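Working notes for the structure below.
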Amino acid sequence: MHFKNILVPLSGAANSCDTMALESAFNLASRFGAHVNVLHIKIDPRTAAAFVGEGMTSTMIESVIDMAEKEGLERRQRAHACFDAMTASMNITVVNKVSERRDPAAPSARFVEMQGNSEDVIHSYGRLFDLIIICKQTGDEQISNALLINTALRETGRPVLLFDSAQPKTLGKRVAFAWNGSVEASRALTYSLPFLQTAEKITLISAIDDLDEAIYPEAVQRYLTMHGVKSDRCEIDSGNGKSTAESIMNAAAKSEADLLVMGAYTRSRLRRLFFGAVTEEILNNSPIPIFMAH
């Protein structure tokens, strides 16, 4: 199992996030022989009129639309320039169609442009990829970025890799896997196998008192063994005075993990919330990249 078809949305924002996302995606594409679909979503400038206040004249509305169109063009140009620069500097073959790939083991990429609301586009377009890669943004881009991340996680059924700095080819050398026995965690387990099968160390983090015996970490270890993967266990204490998110991140740090894998937006069916309430906390505070599945 490998990541062969990767999606990377580019916002075209005037920051370094698109560059970091592409560098990370192309590094993984080189490692797994994958094709990277680089998607820029251009917002229809006419939708900007929906956000203007009442009482504005038609001239004022046209001015708002013109400004939105200009910004959209600037974003599109930045996104495409970033794509051109990164494919050239990293020696990535650019193709217009996947069928044009001559070497299936070599990385390739194409630039795709669509118009519409970013959440609506990702909602459907993102469902046929092995992995969606998104760079976490801050400042003025944070709200739209958060909406994109939530849609990718909740609506596509695909795993999402999140980070705030460029990631090397070796990402996932030491993996921390937060296991709570949920459907979402089970999906994350299967989706992350390309990382797990090439990792040097895997640590299963769990709160044992929240698990049925059938889904104890030992059962996860047996599953991984069938895939040729060895793993260690780490139990977190639900009564240590720290939030679940803090406990997970602390355990990941102690294991020297460079990647955290977990289910997203999960509610424990037993005594308390284990993941649902902490997904956002980990998204906002994790110092290492996060691989999530819902």
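The values are calculated or read from the model by the stated rules, or taken from the named source; none is laboratory data. Every value quoted in this text rests on a predicted model; they were computed, and no experiment measured them. For neighbour counting, all protein chains shown are included, and Cβ atoms are generated from backbone atoms with ideal geometry for every residue, glycine included.
Out of curiosity, is residue 152 assigned to a loop (DSSP other than H, G, I, E, B), in contact with a helix residue (DSSP H, G or I) (Cβ under 6 Å, 6 or more places away or on another chain) and either in the same structural domain as residue 121 (by TED's automatic domain parsing) or under 27 Å from residue 125 (Cβ atoms) (or both)?
So residue 152 does not fit the description; no.
Please determine whether any residue of the stretch 133-140 is within 27 Å of residue 11 (Cβ to Cβ), surrounded by fewer than 21 Cβ atoms within 10 Å (Cβ to Cβ), of a type in the set (A, V, I, L, M, F, W, C) and outside the structural domain of residue 228 (by TED's automatic domain parsing).
no
Kindly establish whether residue 40 is modelled with pLDDT under 95 and closer than 29 Å to residue 100 by Cα.
no
What number goes with the only condition from (1) within 14 Å of the chain's Cα centre (by Cα); (2) closer than 22 Å to residue 249 by Cβ that residue 158 does not pass?
(2)
I'm trying to understand the selection: among the residues of the stretch 69-107, which are over 14 Å from residue 36 (Cβ atoms), surrounded by 14 or more Cβ atoms within 10 Å (Cβ to Cβ) and not small (Gly, Ala, Ser)?
Selection gives 69, 71, 75, 76, 78, 80.
What residue, among those in the stretch 242-294 that are at pLDDT 85 or above and among the β-branched types (Val, Ile, Thr), is nearest to residue 181 (Cα to Cα)?
261
Within the stretch 188-203, identify whether any single residue is touching a strand residue (DSSP E or B) at 6+ places or on another chain (Cβ under 8 Å), modelled with pLDDT under 95 and crowded, with 23+ Cβ neighbours inside 10 Å, and answer yes or no.
Checked the stretch 188-203: no residue is touching a strand residue (DSSP E or B) at 6+ places or on another chain (Cβ under 8 Å), modelled with pLDDT under 95 and crowded, with 23+ Cβ neighbours inside 10 Å.
Can you work out which of the residues in the stretch 43-53 that are outside any helix (DSSP H, G or I) and at pLDDT 60 or above is surrounded by the most Cβ atoms within 10 Å (Cβ to Cβ)?
Ranking the qualifying residues of the stretch 43-53, first place goes to 43.
Here are some residues: 130, 140. Which one is closer than 23 Å to residue 19 by Cβ and modelled with pLDDT of 95 or more?
Only one candidate qualifies: 130.
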